[in-house]
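Colleague: Supplied in structure tokens, the structure appears directly below.
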Amino acid sequence: MPPEESPTAPLPPGQRARGDFPRFGLTQFANRFPAETARINLQLEGEVAESVTIGEELRELARVELTADFHCVTTWTTRGLRWSGFRFADFHERLVLPRARPAASAQFVILRGQDGARTSLPLADLLAPDVLLADRLHGEPLSLAHGAPLRLVAPAHYGYKNAKHLSRVAFWSDDRHFRPSAFRFMDHPRARVAFEERGRYFPGWFLRLLYRPLVGPTIRLFARRLEERRRSGAG
Ligand SMILES: Nc1nc2c(c(=O)[nH]1)N[C@H]1C(S)=C(S)[C@@H](COP(=O)(O)O)O[C@H]1N2
Ligand SMILES: [Mo]
């Protein structure tokens, strides 16, 4: 077995494996849920010739399966998640380029979720073959917890780049229009796991120490808000 498929392969620097896959994020999003969990509705905007909406036709792209580990910047990792969806590169070539016609210079991409969460990645990183717009996990449609109806899966980048409940994708020439959801020091423009790019300004080992105590309380908060939501009968 190649090392990247082995369950005993070493974890990236500073990560610890856990047996479950918790719902997670910045605490301000724990109580925000998407209005639409079934139908895909993706606005393409920014420096584009045409602002367009991509809907269910996204599912006509070639379906791909991807098994990957998921690494949250706060140091927890869930191994062997089986995603299904569509390559971002395919989406870009078949839908974004012909329909929205972004400026050639628009290489900075802002991704937003229905809950208002924002993240960004360079277009070049999104075009990597392991970056998906996923609509399924472990053979089931994405759950409310994990990003219904559609999320980004970019396994080489920390969890915070993997936008859930995806609703808007904007193409810009620079980062002028980007306001990160978190404090600026928590946002790294690329956030590559292999290079421990947890944030800017501070080294990875320092952010590990800062984040680790927050993991347990955050997981419990996100689980509680989801449970309350279920009990209220809202879905
Ligand atoms: N829309 C949205 N996307 C999001 C978040 C969020 O709160 N809202 N949290 C991010 C963070 S920090 C992580 S670790 C992962 C968690 O994904 P999960 O809830 O499926 O485990 O989603 C990322 N994408
Ligand atoms: Mo995260």
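Colleague: Out of segment 93-115, which residues are assigned to a loop (DSSP other than H, G, I, E, B) and within 16 Å of ligand 2 (Cβ to nearest atom)?
Modeller: Listed by number, the list holds a single entry, Asp115.
Colleague: I would also like to ask the following. I want to confirm something. Restricting to segment 115-127 and keeping residues that are in contact (Cβ under 8 Å) with a residue 60 or more places away in the chain and farther than 18 Å from Ala182 by Cβ, which single residue is most open to solvent (accessible area, probe 1.4 Å)?
Modeller: In this case the residue turns out to be Pro122.
Colleague: Separate question: Contact list please: Cβ distance under 7 Å, first residue in segment 204-226 and closer than 18 Å to Asp187 by Cβ, second residue within 14 Å of ligand 1 (Cβ to nearest atom) and open to solvent by less than 20 Å² (accessible area, probe 1.4 Å), pairs at least six apart or on different chains.
Modeller: Gly204/Arg198; Leu207/Arg198; Leu207/Gly199; Arg208/Thr75; Tyr211/Val73; Tyr211/Thr74; Tyr211/Thr75; Leu214/Thr74
Colleague: Determine the pairs where a residue that is β-branched (Val, Ile, Thr), located within segment 49-68, has a partner that is open to solvent by 90 Å² or more (accessible area, probe 1.4 Å) and part of a strand (DSSP E or B) with Cβ atoms under 9 Å apart, the partner being 6 or more residues away or on another chain.
Modeller: Val64/Arg87; Thr67/Arg82
Colleague: Something else now. Are any residues in segment 93-119 within 16 Å of the chain's Cα centre (by Cα) and on the phi < 0 side of the Ramachandran plot, and if so, which ones?
Modeller: Selection gives Phe108, Val109, Ile110, Leu111, Arg112, Gly113, Gln114, Asp115, Ala117, Arg118, Thr119.
Colleague: Under 8 Å by Cβ, and 6 or more places apart or on different chains, what pairs join a residue from segment 18-29 that is under 18 Å from Arg118 (Cβ atoms) and more than 12 Å from ligand 2 (Cβ to nearest atom) with one that is of a type in the set (Ser, Thr, Tyr) and open to solvent by less than 40 Å² (accessible area, probe 1.4 Å)?
Modeller: Here the result reads Gln28/Ser181, each pair linking segment 18-29 to a residue that is of a type in the set (Ser, Thr, Tyr) and open to solvent by less than 40 Å² (accessible area, probe 1.4 Å).
Colleague: Quick one: would you say Phe185 is in contact with a Gly (Cβ under 8 Å, 6 or more places away or on another chain) and farther than 11 Å from Thr74 by Cα?
Modeller: yes
Colleague: Something else now. Which condition does Leu214 not pass, out of (1) within 13 Å of ligand 2 (Cβ to nearest atom); (2) buried (at least 17 other Cβ atoms within 10 Å of the Cβ), if it passes all the others?
Modeller: (2)
Colleague: Given the conditions (1) assigned to a strand (DSSP E or B); (2) away from ligand 1 (no atom under 12 Å from the Cβ), report the number of the one that Glu36 does not fulfil.
Modeller: (1)
Colleague: Would you point out which residue out of Ala68, Ala9 is surrounded by 12 or more Cβ atoms within 10 Å (Cβ to Cβ) and modelled with pLDDT under 95?
Modeller: Ala9
Colleague: Scan segment 179-199 and give yes if some residue there is exposed (fewer than 13 other Cβ atoms within 10 Å of the Cβ) and at pLDDT 95 or above, otherwise no.
Modeller: yes
Colleague: Being in contact with a Leu (Cβ under 9 Å, 6 or more places away or on another chain), assigned to a strand (DSSP E or B) and of a type in the set (A, V, I, L, M) is the filter here; which residues of segment 42-59 pass it?
Modeller: Leu42, Leu44, Val52, Ile54
Colleague: On to the next question. Considering Val109, Val96, Val73, which residue is over 28 Å from Gly199 (Cα atoms), modelled with pLDDT of 95 or more and out of contact with any Asp or Glu (no Cβ under 8 Å at 6 or more places or on another chain)?
Modeller: Answer to the selection: Val96.
The values are calculated or read from the model by the stated rules, or taken from the named source; none is laboratory data. This one's a predicted model, so the numbers in the text were calculated from it and none came from an experiment. Neighbour counts run over all protein chains shown; Cβ positions are idealised from the backbone, glycine included. The protein model used for the area step is the full one, side chains on, heavy atoms only, and it has no ligands, DNA or RNA in it. Shrake-Rupley method; radii C 1.70, N 1.55, O 1.52, S 1.80 Å.
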